[in-house]
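Notes to accompany the following structure.
The values are calculated or read from the model by the stated rules, or taken from the named source; none is laboratory data. Given the structure is predicted, the values throughout are model-derived calculations rather than measurements. Neighbour counts run over all protein chains shown; Cβ positions are idealised from the backbone, glycine included. Note: areas computed on protein heavy atoms with side chains; ligands, DNA, RNA excluded. Shrake-Rupley method; radii C 1.70, N 1.55, O 1.52, S 1.80 Å.
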Amino acid sequence: MTLFNPSVFINRLNVFKGGNRVVDLTFRNGLNVIYGENSSGKSTILEFLFYALGGDNPRWQPKARECDEVVCEVAANGETITLRRPISGNPSDLPPMDIYWGGIEEALQKANAFW
């Protein structure tokens, strides 16, 4: 695999609903395959990733709209950062992203002032 700078690798994706993790996926460098039966949530996972990385106008499925926030740990140019973004039930509402310099587990223990 060729590494180009700048680079961004997704390490982990968490989605929360009511304070509980409803999605917890770990990714590896290289090709990651998301597979499953029809209507099992594959496209929704991709929408969560798109949104966590700053995408706008997600096409949320009704169940995804019920979630509270998406948190994504990435390696950006070799440095680990965690991105957090609230999920709004209104598709036209695009809340800002919070950024924490460090891993996801450490970030989730920190108060909002540290983000």
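Overview of results
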| item | result |
| --- | --- |
| Region 33-91: C-alpha gyration tensor shape, a/c 1.5 cut-off, then a/b vs b/c | oblate |
| Region 21-80: GluC sites (Glu not before Pro) in DSSP loop, at most 12 other beta carbons within 10 Å | Glu37 |
| Accessible area, probe 1.4 Å, largest first, for residues Ile99, Ile45 | Ile99, Ile45 |
| Those residues of region 49-66 whose amide nitrogen sits under 19 Å from the label point placed on Asn20, 7 Å along Cα→Cβ | 62-66 |
| Of all accessible heavy-atom area on the chain, the percent that carbon and sulfur account for (1.4 Å) | 51 percent |
| Reach of Lys110 by Cα under 16 Å, taken over aspartates and glutamates that are not fewer than 8 positions away in the same chain | Glu69, Glu73, Asp98 |
| Entry for Rg and Dmax of the Cα atoms in Å (calculated from the structure that is shown) out of (1) 13.4, 44; (2) 24.2, 71; (3) 14.2, 41 | (3) |
| Percentage relative contact order, region 43-86, counting C-alpha pairs under 8 Å, at least six apart | 35 percent |
| Cβ charges +1 (Lys, Arg) and -1 (Asp, Glu), total dipole of region 37-115, debye | 180 debye |
| Trypsin sites (Lys or Arg not before Pro) within region 2-66: DSSP coil, no more than 13 neighbouring Cβ in 10 Å | Arg28, Arg59 |
| Residues of region 49-72 with amide N under 14 Å of a point placed 7 Å along Cα→Cβ from Leu108 | 68-72 |
| Average accessible area per residue (Å²) across the chain - probe 1.4 Å, nucleic acids and ligands excluded | 64 Å² |
| Partners for Lys63 among aspartates and glutamates (Cα-Cα distance below 15 Å; same-chain residues under 8 apart left out) | Glu47 |
| Dipole of the chain [Lys/Arg +1, Asp/Glu -1 at C-beta], most positive-end residue of Ile87, Met97, Ala64 | Ala64 |
